[in-house]
Amino acid sequence: MMRFLTAGESHGSALTTIIEGLPANLPLDEAAINRELVRRQQGYGRGDRMKIEKDQIEVLAGLRFGRTIGSPLALRVCNRDYQNWQSEMAPFAEREQVREKVTQPRPGHADLPGALKYDLTDLRDVLERASARETAVRVAVGAVAKQLLREFDIQIYSYVQSIGSIAIKPLDTAILAANYEQVEKSPVRCPDEEAAKKMMAAIDYVKAEGDSLGGVFTVVALGVPVGLGSHVQWDRRLDGRLAAALMSIQAIKGVEIGDGFAVAAQQGSLVHDEIYYHSSKGYYRQTNHAGGLEGGITNGEAVIVRAAMKPIPTLTKPLRSVDMADHSPHTATVERSDACAVPAASIVGEAVVAWELALALREKLGGDSLAEMKENYHAYLKRVAKR
């Protein structure tokens, strides 16, 4: 019912997306979308590219007087750095005009497998699209999804739980929501000031060493109703879809829902969330080890997902590699990159979670307009409340 595609390269002229299936009459705030793009560009450990780009959205189609009109919504984020790369990235220029082919693949990147898969001799043909720069337009898509979710009082939050070996305990969701301004002000998106200082010091150290750091971020969705997703088919399970969405973010290597891997070491009596009922609020839980999902369906509690990001594979002190031109030993290509991108990745995490929840909401409620969706939503909540 709702889908999107993105296109564009890291140093191409622009990143674009077309979103299909949004309900008509959804109000969209351009400034709110641009704020999400700014949030993605921030974070301690970002590289010089963020000093060049000032990401802003341009609406090409599907919006009139600030409201969707039921047709596909087309968005574009221009790359300011393209002016410095036109000879390298020109769509119709002759290959001879390119300064030099990239032939030393980076370990941990898509360079080598992408070149072998698509029969390419210049690794730039791979790395330009594989780059995390692509997430700029996915954040724009997520910003649209967030505005749809807010119409149903669903809010998305994120924070950084660890960078390198420095970690904090998972936050209570109510505390997170009440103190979210502290997360937003933190250069590493960590609400614990002492831990944040240690994280920044660790980033400074690896940057000086020409190295990089990964970490873990958590995304929380509050106000999600019971009944999104389904148990009846493997590809409709919302937990699987959320995991796939998070794993699609560049450099993400692991995903947890709720207590995640920790439950494997626990007895069942300590893992499963007991069910209670009160006439004023219906069914509820006093714990949320499941992260708001049971059997692939939301259960009315907060949705909590966690993702592990590996260290960025582009190092200024490059690892050993092989030149694909002659198979001689070489060091990997050095591209402009971040020492740590975990804080930025948490914003991308918000975006992809928002999209999957919005998609599941559209599937549940149907409707061609926002008003129709809301009518269906209130009727559904009324029915659930009687059970």
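Things worth noting here:
- Taking the listed residues MET324, MET373, the one that is touching a helix residue (DSSP H, G or I) at 6+ places or on another chain (Cβ under 7 Å) and more than 27 Å from PHE4 (Cα to Cα) is MET324, with no other qualifying.
- Filtering ALA136, ALA167, ALA132, ALA110 for residues that are more than 21 Å from ALA302 (Cα to Cα), aliphatic (A, V, I, L, M) and touching a Leu at 6+ places or on another chain (Cβ under 6 Å) leaves a single hit, ALA136.
- Boolean, ARG237 is charged (D, E, K, R), in contact (Cβ under 8 Å) with a residue 40 or more places away in the chain and in contact with a strand residue (DSSP E or B) (Cβ under 8 Å, 6 or more places away or on another chain): yes
- Taken over region 257-289, the criterion of being assigned to a strand (DSSP E or B) and either modelled with pLDDT of 95 or more or at negative phi (or both) is satisfied by ILE257, ILE275, TYR276, TYR277, HIS278, TYR283, TYR284, ARG285.
- Inter-residue pairs, beta-carbon under 7 Å, first in contact (Cβ under 8 Å) with a residue 12 or more places away in the chain and on the phi < 0 side of the Ramachandran plot and in region 200-223, second charged (D, E, K, R) and surrounded by fewer than 19 Cβ atoms within 10 Å (Cβ to Cβ), 6+ apart: GLU209/LYS317; ASP211/LYS317; GLY214/LYS310
- Subset of region 96-125 (residues that are within 20 Å of GLY12 (Cβ to Cβ), in contact (Cβ under 8 Å) with a residue 24 or more places away in the chain and out of contact with any Asp or Glu (no Cβ under 8 Å at 6 or more places or on another chain)): HIS109, ASP111, THR121, ASP122
- Under the condition of being touching a strand residue (DSSP E or B) at 6+ places or on another chain (Cβ under 7 Å) and not in a loop (DSSP other than H, G, I, E, B), the residues counted in region 304-346 number 17.
- Condition check for PRO329: free of Cβ contacts under 8 Å to residues at least 60 places away in the same chain and either within 26 Å of ILE69 (Cα to Cα) or not polar (S, T, N, Q) (or both): yes
- Test result for VAL348, closer than 30 Å to LEU63 by Cα and not polar (S, T, N, Q): yes
- Residue match in region 344-353 (condition: in contact (Cβ under 8 Å) with a residue 60 or more places away in the chain and surrounded by fewer than 18 Cβ atoms within 10 Å (Cβ to Cβ)): no
The values are calculated or read from the model by the stated rules, or taken from the named source; none is laboratory data. Nothing here was measured: the structure is a model prediction, and the numbers come from that model. Glycine gets a Cβ as well: all are built from the backbone with ideal geometry, and neighbour counts include every protein chain shown.
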